[in-house]
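Data block below; observations after.
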Amino acid sequence: MSYKEINWFRYASPQTFYPLAGKMIPWFWGLAAIFAVGGLSIGFLLAPTDAQQGEGYRIIFLHVPASWMSMFIYLVMAFWAAVGLAFNTRLSGMMASALAPTGALFAFLSLWTGALWGKPMWGTWWVWDARLTSELILLFLYIGFIALQAAIDDPRRADKAGAILALVGVVNIPIIYFSVKWWNTLHQGASVSLTKAPSMAALMLWGMLLCALACWMYSIAVALMRVRRIMLERERHTDWVRALLSEES
Amino acid sequence: MHWNSLAEFLAMGTHGLYVWGSVVVMALLMGAEPILVLQGRKKLIARLKRQYRAESSEGRQHSKVIAARSKD
């Protein structure tokens, strides 16, 4: 083993991760802005009209990235929760807590943009269809996670309780994803999948993928900002936070 | 460019309300989230600084008391 290898465990300590995260945040904001400008200008200025749905289909450039992020953030949150339970690392619980509000935001936006898309296309804002209902449950899981953690004063116990909720709730993710296959739903099937060629025009696909990348970068930037705040709060009795804050004044 | 005029762009066929309703709400919420996080951070830092100052002045008073006692 050479000593030049990066010791990744070093970054598992809040004291070393805090300044690193601070340096990364502006880069993720920059990337988010670039991808958003690219994706939105392709989606809203260049992409052709949809043959069936007219111009209303353009909601796809918001709805699909928001829905993907709402599911993906939950998986990442559950991953950190599991790591925290297994290895009892301080940073993992903070990561899970930092992700939950952003996940809840995207779950809400997925439902909101979905309702605004459903009204002109299906004639209704809402149906108790498998896809829509399981996404609503996802929003409730996020809210439940946040509320449960807020109700427990001791952060380590709050992490554990939250982790168990996050891990039990992860069963909902494949249900959301496969709901359009398993049940007859009003919601359409996947437009993009890993196994077959996408069923949409190239410009539409590029617009959607760039918007999704923008949402990724946004989520990382906001989660890093939030995890830094959580670190300061939880580590407030340590010397490094004291030293850091006395430097700032 | 797909559009011939700004009016056409804003109308989005007949779906302007739905498309812009999605865009505006998503932009507002995604704009608000980082602002709220930053505000929370500022409040927290102010609170912690107050707390540290209070603790260190308590500490000074405590050591004065001990010094006064040791003189007696």
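The table below lists the values:
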read-out: Per-region count, the stretch B:7-19, residues more than 7 Å from chain A (Cβ to nearest Cβ) and surrounded by 14 or more Cβ atoms within 10 Å (Cβ to Cβ); value: 4
read-out: Test: residue in the stretch A:161-170 that is of a type in the set (A, V, I, L, M), free of Cβ contacts under 8 Å to residues at least 24 places away in the same chain and touching a helix residue (DSSP H, G or I) at 6+ places or on another chain (Cβ under 8 Å); value: yes
read-out: Only listed residue being buried (at least 20 other Cβ atoms within 10 Å of the Cβ), in contact (Cβ under 8 Å) with a residue 12 or more places away in the chain and in contact with a Gly (Cβ under 9 Å, 6 or more places away or on another chain), chosen from A:Leu109, A:Leu116, A:Leu99; value: A:Leu116
read-out: Condition broken by B:Lys49, with the remaining ones in (1) loosely packed, with under 12 Cβ neighbours inside 10 Å; (2) at the interface with chain A (Cβ under 9 Å from one of its Cβ atoms); (3) of a type in the set (Lys, Arg) satisfied; value: (1)
read-out: Verdict on A:Leu31 being crowded, with 20+ Cβ neighbours inside 10 Å and within 21 Å of the chain's Cα centre (by Cα); value: no
read-out: Residues within the stretch A:34-59 that are in a helix (DSSP H, G or I) and facing chain B (nearest Cβ under 9 Å), tallied; value: 9
read-out: Test: residue in the stretch A:103-115 that is part of a helix (DSSP H, G or I) and in contact with a Pro (Cβ under 8 Å, 6 or more places away or on another chain); value: no
read-out: Selection count, the stretch A:163-176, where residues are crowded, with 16+ Cβ neighbours inside 10 Å and under 20 Å from A:Phe108 (Cα atoms); value: 8
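FYI, it's all coordinate maths here, none of it is from the lab. Since we're looking at a predicted model, the values are computed, not measured. All Cβ positions, glycine included, derive from the backbone under ideal geometry; neighbour counts span all protein chains shown.
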